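Enquirer: Please read through the structure below; I'll follow up with questions.
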Amino acid sequence: MSARARTSLRPRNQALVSWIIGALVALCMAAFLVSALSVRPAFAGGSLEVQTDITGLARYEQTDGRLIYSGTWSTFSTSGASGGSYRRTNVPGATVMVAFRGTRLDWIATKGRTLGLAEVRVDNGPKLIIDLSRSTVAYQQRVYSTGELSPGLHVVSITWSPLNTGGQYISVDAVEVVGTLVARQRVEDTDPRLEYSPPWTQATGSSYSGASFQYTNRPGASACPRFSGVYVALIAKKSPVYGKVRVILDGTKVFTVDLYSPATLYKQRVWSSGALAPGEHSLQVMWTGLKNASSAKTNINLDAVEVVGELLDPSPRTAGVFDQQEAMVHLRKFAAAIGVRLSGSAAERAAAEYAAQYLASLGYRPEIRPVLLPNGRSSCNVVVVKPGTSSLTLLVGGHIDSKPPSPGGNDNASGAAAVLELARCLKDVALVPTVVFVLFGAEEMVDSNPDHHHYGSRAYVAGLSAMERTELAGMISLDMVGYGNAFHVRTMGKGPRVLSEMVQTQSTKLGLAATYLRDPSLYGYSDHEPFELAGYPAVWVEWRDDPLYHTAGDTYGHCNPSRVKHAGELIASFLRSLGAAELQALRAAVEGR
């Protein structure tokens, strides 16, 4: 194009550019006006101008029982406040929670020079900071609105902010809601949706909520309600004979609650969740065996549950399915509550007794068999039998001791916990093999002699009767299944490999990818050793490469629940799949056929 043509088009281009700029400015102004007139949850101070003639917008005073306060709040009466009074607090952590079914909530507050910053969350989402300060007092101020929400259950929490540095208060005068407030519902201890396992003991009396409550002092005892909602709380009795209860929310958030009190107190709200995101949640209320130093016993109890929402029917626990949360309860008991479990020590004995009590609660008949050690101490094995349709037997075991100074989370509270959970989940499953579950004592070396180890499993093999020797088809050791990057089935390479091959094949079918590893020395490194040396097919299932092995860092928190589940699912599936032909193949390997 020529220069002349370009010159003749310049005025037209300039006019077009001017028109575009004008249009953009108009659009920006329109967007600004819309934004200024709309309600924004991030509002942090000043006067909030919002539309108040919303259809269905109803006011609820701060005295309404459906508002849930925690921490210390004071009530101030004044004619300027909505309903003649408002509440305020300057206590760290103090919160008011408002649950409602609807589409919008507005917060009405008092503002003034003694007021400060509050944190607001909607549906447990990101926190917003609201500034209530003002040079002169002003009542019935609309300081925050959620804006339009999707219809349904919602929760707004208002909390004193730690950003306050001069004792400033926050206030609540009223709330306005498009919808209705939702109150806490109390569910009594007799409701089957609380899912006690094993059954707890009920006691009655007029002092209890609903005239009864449940208590227990059994290892492994739990209550496991599920609910859909935004809040849950536990009601319990406190007295001189109660211990500490563990509460696990949504499988990840763990709390320990002390039920001890020098005086008996009834219907106490001993724990609450605070505001939760709307939806389904799970709760585990668990016996710990722990107590306050002043308490006489380790009992726990449950009087009622409060929920904003509704309890759900128990999810059916599928028989034969390994539950990692159940296993982690035992792992925590061994590694955290009991701790270092030296072979032949009182702590090792406590772990054995815990295992025996838990197995008895499932309906097994546990035997505690003594094991003599060369240092003059005594260890023990805990043994239970689950009959199958065949008399041929497969043994599944894991050791309960640990090597000081280690509390033995991975080595080997993880394996012992997996054995207990396998005993539970397979209890009512029809299996072909008879399964013997064993918690071995004294697997770790008891002194500097490298051959002074595996005393529990050696004693078990040495104590087999003639009949038991003809019926034993193989042994699986679960050892160090809570941490690692490589999943293995291991043998010494001195006995039949048929069992390790079967387990490895099953892992491939399940997509669990266990690879074979041969022990690199004359010794086996787990309780499979004495069985393999006696000619039985034996395999050690493990996760490998733990840098904290045999150190004080091998704690409960060091263990990965998914690793325990990985190993447990493999063995549960393998035992369910084992048929008569496979058992005969294992026995043929023992007999050299």
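Enquirer: Within the range 309-319, which residues are out of contact with any His (no Cβ under 9 Å at 6 or more places or on another chain) and surrounded by 17 or more Cβ atoms within 10 Å (Cβ to Cβ)?
Expert: If the condition is that a residue be out of contact with any His (no Cβ under 9 Å at 6 or more places or on another chain) and surrounded by 17 or more Cβ atoms within 10 Å (Cβ to Cβ), then 311 is the only one that fits.
Enquirer: Hey, could you check the range 376-405 for residues that are under 14 Å from residue 443 (Cα atoms) and among the polar types (S, T, N, Q) and say which is surrounded by the fewest Cβ atoms within 10 Å (Cβ to Cβ)?
Expert: Filtering the range 376-405 for residues that are under 14 Å from residue 443 (Cα atoms) and among the polar types (S, T, N, Q), the one surrounded by the fewest Cβ atoms within 10 Å (Cβ to Cβ) comes out as 378.
Enquirer: In addition: Could you count how many residues in the range 403-434 are more than 13 Å from residue 388 (Cα to Cα) and of a type in the set (Ser, Thr, Tyr)?
Expert: The number of residues fulfilling the criteria is 2.
Enquirer: Can residue 142 be described as without any contact (Cβ under 8 Å) to a residue 40 or more places away in the chain, more than 20 Å from residue 272 (Cα to Cα) and not hydroxyl-bearing (Ser, Thr, Tyr)?
Expert: So residue 142 fails the test.
Enquirer: Further, regarding this structure: Out of 544, 497, 563, 518, report the one residue that is closer than 20 Å to residue 326 by Cα and of a type in the set (Lys, Arg).
Expert: Residue meeting the stated conditions: 563.
Enquirer: Would you kindly identify the strands (runs of 3 or more DSSP E) lying entirely within the range 325-430 that contain at least 3 residues that are over 20 Å from residue 574 (Cβ atoms)?
Expert: Those strands (runs of 3 or more DSSP E) span 367-372, 378-386.
Enquirer: Further question on the same structure: Could you say which residue among 528, 558, 550 is out of contact with any Pro (no Cβ under 7 Å at 6 or more places or on another chain), surrounded by 24 or more Cβ atoms within 10 Å (Cβ to Cβ) and assigned by TED's automatic domain parsing to the domain that holds residue 341?
Expert: 528
Enquirer: Only one of 220, 229, 210, 179 is assigned to a loop (DSSP other than H, G, I, E, B) and touching a residue at least 60 places away in the same chain (Cβ under 8 Å); which?
Expert: 220
Enquirer: For residues that are under 16 Å from residue 87 (Cα atoms), within 31 Å of the chain's Cα centre (by Cα) and not small (Gly, Ala, Ser), scanning just the range 120-164, find the one that is surrounded by the fewest Cβ atoms within 10 Å (Cβ to Cβ).
Expert: 159
Enquirer: Something else: Would you mind telling me which numbered condition in (1) over 25 Å from residue 334 (Cα atoms); (2) buried (at least 16 other Cβ atoms within 10 Å of the Cβ); (3) of a type outside the set (D, E, K, R) residue 211 fails?
Expert: Here residue 211 clears every test but (2).
Enquirer: Another one. Return a yes/no flag: does the range 269-291 have any residue that is at pLDDT 95 or above and more than 22 Å from the chain's Cα centre (by Cα).
Expert: No; the residues of the range 269-291 include none that is at pLDDT 95 or above and more than 22 Å from the chain's Cα centre (by Cα).
Enquirer: Find the strands (runs of 3 or more DSSP E) located wholly in the range 479-593 whose residues include 3 or more that are without any contact (Cβ under 8 Å) to a residue 40 or more places away in the chain, and list them.
Expert: Where strands (runs of 3 or more DSSP E) fall fully within the range 479-593 and carry at least 3 residues being without any contact (Cβ under 8 Å) to a residue 40 or more places away in the chain, they are 515-518.
The values are calculated or read from the model by the stated rules, or taken from the named source; none is laboratory data. These numbers come from a predicted model, not from an experiment. Neighbour counts are summed over all protein chains in view; Cβ atoms, including those assigned to glycine, are modelled from backbone coordinates with ideal geometry.
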